[in-house]
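These notes are about the structure you will find just below.
The values are calculated or read from the model by the stated rules, or taken from the named source; none is laboratory data. Worth saying up front: this structure is predicted, and the values here are computed from it rather than measured. A quick note on method: Cβ atoms are made from the backbone with ideal geometry, for glycine too, and the neighbour counts reach across all protein chains shown. Just the protein is used for accessible areas: all its heavy atoms, side chains included, with ligands, DNA and RNA removed. Shrake-Rupley method; radii C 1.70, N 1.55, O 1.52, S 1.80 Å.
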Amino acid sequence: MSEASGMQPQLLSQRQPPPPPGGRLGKTASEPFMCAHLPNQVLESISIIDTPGILGAKQRVCRGYDFPAVLQWFAERVDLIILLFDAHKLEISDEFSEAIRALKGNEDKIRVVLNKADMVETQQLMRVYGALMWSLGKVFNTPEVLRVFIGSFWSEPLLIADNRQLFELEEQDLFRDIQNLPRNSALRKLNDLVKRARLVRVHAHIISHLKKEMPSVFGKDNKKKQLIAKLPVIFARIQLEHHIPPGDFPDCARMQEQLLVHDFARFPSLKPRMLEALDELLTRDIAALMPLPQEELEAARAGVQGGAFEGTRQGPFVEGHEEEDDEAGGEEGDEWVVTKDKAKYDEIFYGLAPLGGKLSGRQARGWMVSSKLPSSVLGRIWQLSDVDRDGMLDAEEFALAGHLIGAKLEGRGLPADLPRSLVPPSKRRHKGSAE
């Protein structure tokens, strides 16, 4: 591997990003983490964390660590959570349900993707979508409807192209959501600060109440058990007494479990001056921080760039292009590799009735779409083929587009830039002077 890319055996050996939750979840929770460094422009703006595959309904394997707890640790720190479902084998296993429950409190970050939707007919897709929404409603146990993106998020031809336009619009919305992450990150950090400050205030009132209720000498253990059992009632009492919203309180069942190992008599007493300082932070200091996100917003206005986000809305295709991999053009050379197939593409080109020797985007789009490749790929092919950047294709550029489509259908990738062997002979001087 080059110096710009590589795989590290453990994420704990890296300084950035922060280490995984090995401290409070045990050594086995940090050992499986791997960190990959790739020379990709997308990763200059965002970091991507991929979880292990979720076990199916009939699979029972011990991971050796608390998987839901690890997910919860990451969910509290990331900007976006994407849940992936396959349209042709929709199921929510027991482990998936536990994983989703671990995301509680972060519903605003969650996006659901119904992937591989081109593998089912339209009528079946409607049934799958309805079943997914019903299942998610049961797991999340909330009246709010999660945003579900429907599509086929890969660079291969669509198996069933009936819903192509829907897939394009959904892909565009999801890409826009991801592209805006750097702009929204500062505001999310500020919201997290407010959330933690409110939680600290509630925690102080709870701990102070438990300490006051404890007897001085006898019956401490019994009183502790009674207070833990009545914790929901204590929450309601504190809420009414101090006018605290119910959403600021921690999870009652989890706090009951954690209180079992603590001595209430050793809890610190409530310090009014510190509470006043905390209220000052929430009412005045946080408001003073609001200009900071605006400054970061200006710095991140471009959003995520590169990869599938580069060159969006190119030509007649509104999405960007796919992630670049192996070049489709072969080795550098003076011979134009498209020459051998140009007669075939010329016949198609003149059959589309070019005006002034060129095809507009509208004229070329129908033929390109017939390949069933996703618009994100076709948009990239258009960008590469329109060498002179006039928004139209002449005979040579059209032949180049046909060659790139054929290469993609054969499983080859698209080049980042056209090598000389792919540049049409009449455009080679033009392309060199433009660069």
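Key figures for this structure:
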{"read-out": "Count of segment 140-157 residues which are hydrophobic (A, V, I, L, M, F, W, C), at pLDDT below 80 and either under 25 Å from Leu409 (Cα atoms) or open to solvent by less than 30 Å² (accessible area, probe 1.4 Å) (or both)", "value": "2"}
{"read-out": "Candidate set from segment 158-191 (those that are under 15 Å from the mean Cα position of the chain (by Cα) and farther than 30 Å from Ile286 by Cβ); member that is surrounded by the fewest Cβ atoms within 10 Å (Cβ to Cβ)", "value": "Asp173"}
{"read-out": "Test: residue in segment 241-248 that is over 18 Å from Leu193 (Cβ atoms) and touching a Pro at 6+ places or on another chain (Cβ under 8 Å)", "value": "no"}
{"read-out": "Only listed residue being exposed (fewer than 13 other Cβ atoms within 10 Å of the Cβ), in a helix (DSSP H, G or I) and among the basic types (Lys, Arg), chosen from Lys225, Lys195, Lys211", "value": "Lys225"}
{"read-out": "Options Leu169, Leu125; residue that is out of contact with any helix residue (DSSP H, G or I) (no Cβ under 9 Å at 6 or more places or on another chain), part of a helix (DSSP H, G or I) and more than 30 Å from Ile234 (Cβ to Cβ)", "value": "Leu169"}
{"read-out": "Gly56 vs. criteria surrounded by 13 or more Cβ atoms within 10 Å (Cβ to Cβ), modelled with pLDDT under 85 and under 27 Å from Phe249 (Cβ atoms)", "value": "no"}
{"read-out": "Residues of segment 392-416 classified as open to solvent by 20 Å² or more (accessible area, probe 1.4 Å), assigned to a loop (DSSP other than H, G, I, E, B) and either closer than 22 Å to Phe175 by Cβ or touching a Lys or Arg at 6+ places or on another chain (Cβ under 8 Å) (or both), total", "value": "2"}
{"read-out": "Selection within segment 349-363 - under 24 Å from Arg420 (Cβ atoms) and either touching a residue at least 40 places away in the same chain (Cβ under 8 Å) or part of a helix (DSSP H, G or I) (or both)", "value": "Phe349"}
{"read-out": "Whichever residue in segment 172-181 is of a type outside the set (Lys, Arg) and not in a loop (DSSP other than H, G, I, E, B) and, among such residues, is farthest from Leu125 (Cα to Cα)", "value": "Leu181"}
{"read-out": "Candidates Asp86, Asp118, Asp79, Asp108, filtered to the one that is modelled with pLDDT of 80 or more, closer than 25 Å to Glu171 by Cα, of a type outside the set (A, V, I, L, M, F, W, C) and surrounded by 18 or more Cβ atoms within 10 Å (Cβ to Cβ)", "value": "Asp118"}
{"read-out": "Number of the exception - Gly23 against (1) at pLDDT 85 or above; (2) in a helix (DSSP H, G or I)", "value": "(1)"}
{"read-out": "Condition check for Trp367: in a helix (DSSP H, G or I) and at pLDDT 85 or above", "value": "yes"}
